Structure formats: C-alpha cells, structure tokens
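This report refers to the structure that appears directly beneath it.
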C-alpha cells in the first residue's frame with residue numbers, strides 16, 4: 001500500500017516558510033492602511049509565500065490507488081492556483097499592473113481591483129476541505 005510521498009527536511013522547511021510568509025503577508029496587507037508603504041512590501045511577501053507553498057505542496061504526490069485521494073489532490077491543485085492568483089491580485093492592488101487592460105478605471109475597480117480577498121477565501125476553503133479529507137482517507141487505508 002503506497003501513500004503520500006514524504007517531503008525532505010528542506011522541502012518541509014520551505015513549505016512551512018511559504019505558509020508563514022502567506023500569513024504574514026496577508027495579515028500585514030489587510031492592516032496596511034495604518035502604514036500604507038508597508039503594503040508595497042507585504043504584497044510581494046505574500047506572493048512569494050504562495051509560490052513556495054504551492055510548489056512544495058504540488059511536489060507531495062499521492063502514490064496510491066485510492067480514487068478519492070487522487071480527486072482531492074486535483075482539487076488541491078486548484079486551491080494552489082487560487083492562492084497564486086490571490087498573490088498576483090494583491091500585487092496588482094498596490095501597483096495596478098493590469099489597469100491598462102481595462103477600458104476605464106471604473107471597470108477595473110469593479111471587476112479586478114482588490115479581488116484578492118475573494119480568491120484567497122476560495123483557496124483557503126478548498127485547502128481546508130482537501131487537507132481534512134485527505135488525512136481522513138489516509139487514516140482509513
């Protein structure tokens with residue numbers, strides 16, 4: 001019976017650092033109105049954390065035959081994509097990289113600006129669900 005591929009100590013450390021960077025980046029960004037210049041740095045911290053977290057999590061593959069766990073790992077990939085998109089959206093909220101892609105400023109504000117919160121919420125819900133279900137399924141094996 002095969003299970004999840006174990007991460008090396010370095011990979012585990014990078015995974016934890018990525019998660020910590022996500023929490024610090026999102027927390028400091030959410031309260032960035034107190035120190036607006038801080039937001040210029042914390043958005044990049046969050047984005048780097050999402051990339052570290054997502055890449056390392058994708059490296060932890062399931063080597064078994066349980067279809068439920070395979071499906072949950074695929075859902076987890078979507079959560080990782082939403083984490084990275086939330087980071088990109090957070091950076092855009094500060095720097096406005098994608099503003100030129102919209103007809104006018106109102107459309108940009110309506111459909112894209114500051115939508116990192118929604119992406120992060122979807123990613124967090126998917127991550128919580130899949131993590132809980134995968135650990136439950138692995139215990140059953």
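The table below gives the values:
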| read-out | value |
| --- | --- |
| Selection count, segment 1-14, where residues are under 19 Å from residue 69 (Cβ atoms), surrounded by 12 or more Cβ atoms within 10 Å (Cβ to Cβ) and out of contact with any strand residue (DSSP E or B) (no Cβ under 8 Å at 6 or more places or on another chain) | 1 |
| Test: residue in segment 23-32 that is outside any helix (DSSP H, G or I), touching a helix residue (DSSP H, G or I) at 6+ places or on another chain (Cβ under 8 Å) and modelled with pLDDT under 95 | yes |
| Residues satisfying the stated conditions in segment 58-72, i.e. closer than 25 Å to residue 22 by Cα and at pLDDT below 95 | 58, 59, 60, 61, 62 |
| Residues of segment 48-60 that turn out to be over 20 Å from residue 75 (Cβ atoms) and buried (at least 22 other Cβ atoms within 10 Å of the Cβ), as a count | 1 |
| Of all residues making up segment 94-108, the number that are touching a helix residue (DSSP H, G or I) at 6+ places or on another chain (Cβ under 6 Å) and outside any loop (DSSP other than H, G, I, E, B) | 3 |
| Number of positions in segment 33-71 that are within 29 Å of residue 114 (Cα to Cα) and in a helix (DSSP H, G or I) | 23 |
| Filter pass, residue 6 being over 14 Å from residue 87 (Cβ atoms) and assigned to a helix (DSSP H, G or I) | no |
| Residue within segment 80-93 that is part of a helix (DSSP H, G or I), at pLDDT below 95 and over 19 Å from residue 29 (Cβ atoms) present | no |
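The values are calculated or read from the model by the stated rules, or taken from the named source; none is laboratory data. Everything numeric in this text was worked out from a predicted model, so none of it was measured. Cβ coordinates were reconstructed from backbone atoms using ideal geometry, including for glycine residues, and neighbour counts include every protein chain displayed.
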